[in-house]
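The values are calculated or read from the model by the stated rules, or taken from the named source; none is laboratory data. Values in this document were obtained by computation on a predicted structure and should not be read as measured data. As a convention, Cβ positions derive from the backbone with ideal geometry for all residues, glycine included, and neighbour counts pool all protein chains shown.
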Amino acid sequence: YMGDLPSNRQRLGTEYTDLIFAPALEHSLLRDELYCQIIRQLTENKIRLSEERGWELMWLATGIMTCSTNVQKEIGQLLTSAKTPIAIDCLNRLNRTAKYGNRKYAPYILEVEAIRFKSLQIFHKIYFPNDTDEAFEVHSSTKTSSLCEDIAERLKLNSSDGFSLFVKISDKVFSVPHEYFFFDFIHELMEWMRKSRPSKSSEVTQVQYQIFFMKKMWVNVHPGRDRNADDIFYFHQELPKYLRGYHNCSKQDAIKLAALIYRSKYGSVKDEISRIPDKLKEYVPADLLHVYRGGDWKKHISTAYNQHS
């Protein structure tokens with residue numbers, strides 16, 4: 001990894017870092033040994049490339065595992081005396097790891113690529129049900145629960161209770177456990193996906209995924225009390241279920257709700273009302289489509305719409 005041993009092979013993803021860190025995460029004595037080796041490599045290293053990569057390993061190590069008290073003192077002395085800016089960040093990472101605990105898996109590809117490109121921050125895009133997204137900073141020690149709190153705070157939600165992160169891969173959606181380290185779960189999920197899709201090629205394949213933040217537990221939900229939650233989550237999450245017929249609904253309520261759905265799409269623009277019969281599935285639950293003909297649905301919905309203009 002550090003380049004001291006010449007090789008014609010190019011580093012592939014986390015190939016080297018997996019070999020370096022995986023055994024140490026399983027055995028505490030190897031954690032001490034690994035830190036000692038990194039300290040030794042960084043002490044009076046005259047080769048610039050080797051030293052840079054040594055600091056990369058230190059940055060990765062401090063974000064996923066602690067060590068014994070004696071070795072931690074040695075690391076502290078090195079990090080406080082080193083002149084490189086990365087040393088202070090390594091010290092902060094080690095303190096966070098000591099607070100939140102060791103990771104289960106070696107650094108994820110995003111962590112490895114971040115430090116290779118000299119970035120000390122990792123931002124991950126989070127998607128929301130209303131087709132918007134935002135980037136949030138994720139640390140090596142970030143757990144799902146703390147990321148949910150960060151998202152709720154930025155979106156100005158009343159609370160993060162009942163919300164969760166979900167990973168979407170193709171047509172599959174997985175809920176991220178609240179007390180899991182964020183990158184550990186992604187690592188575990190990617191490994192499972194790769195094993196379930198054996199590749200004939202020896203190349204490392206990356207599985208494409210998206211992270212969604214959505215309501216999971218529908219407790220203490222009162223429409224109107226949290227406007228941002230209503231606008232961003234509740235309406236957009238429940239609308240598809242409503243249109244599939246999962247909610248018990250009368251004809252009269254279906255008409256009123258169809259008018260509101262139309263207003264949510266087009267506001268005060270009435271041009272699309274004439275096309276309602278062609279798009280009934282976008283306004284009326286599947287189990288009620290047969291109640292009226294298309295033209296009658298349009299008439300009733302239009303009347304309800306005009307009553308609330």
Restricting the search to the range 67-109, which residues are surrounded by 21 or more Cβ atoms within 10 Å (Cβ to Cβ), part of a loop (DSSP other than H, G, I, E, B) and among the polar types (S, T, N, Q)?
none
Ile186 versus (1) more than 12 Å from the chain's Cα centre (by Cα); (2) at pLDDT 90 or above: which is the lone unmet condition?
(1)
Which ranges mark the strands (runs of 3 or more DSSP E) fully within the range 141-231 that have 3 or more residues being within 16 Å of Lys125 (Cα to Cα)?
163-169, 210-215
Just one of Val176, Val204, Val167 is modelled with pLDDT under 90 and either within 27 Å of Met65 (Cβ to Cβ) or of a type in the set (Gly, Ala, Ser) (or both); which is it?
Val204
The correct count of residues that are farther than 20 Å from Leu79 by Cα and hydroxyl-bearing (Ser, Thr, Tyr) in the range 101-123 is 2
Lone qualifier among Lys270, Lys265 - being surrounded by fewer than 18 Cβ atoms within 10 Å (Cβ to Cβ) and within 21 Å of Asp231 (Cα to Cα)
Lys265
Selection within the range 233-259 - surrounded by 14 or more Cβ atoms within 10 Å (Cβ to Cβ) and either of a type outside the set (A, V, I, L, M, F, W, C) or without any contact (Cβ under 8 Å) to a residue 12 or more places away in the chain (or both)
Tyr234, His236, Gln237, Glu238, Tyr242, Gly245, His247, Lys256
Within the range 133-148, take every residue that is closer than 17 Å to Ile115 by Cα and not polar (S, T, N, Q) and give me the one that is surrounded by the most Cβ atoms within 10 Å (Cβ to Cβ).
Val138
Pairs, please: C-beta under 6 Å, at least 6 apart or cross-chain, first residue farther than 14 Å from Met65 by Cβ and in the range 102-120, second assigned to a loop (DSSP other than H, G, I, E, B)?
Ile109/Gly13; Ile109/Thr14; Leu110/Ile122; Val112/Thr14; Ala114/Ile122
Pick from Tyr262, Tyr292, Tyr266: which is over 22 Å from His236 (Cα atoms) and of a type in the set (Phe, Trp, Tyr)?
Tyr292
Among the residues of the range 13-58 satisfying the criterion of being modelled with pLDDT under 95 and polar (S, T, N, Q), which is surrounded by the most Cβ atoms within 10 Å (Cβ to Cβ)?
Thr14
For Tyr242, state whether it is assigned to a helix (DSSP H, G or I), closer than 22 Å to Val291 by Cβ, in contact with an Asp or Glu (Cβ under 8 Å, 6 or more places away or on another chain) and of a type outside the set (Asp, Glu).
no
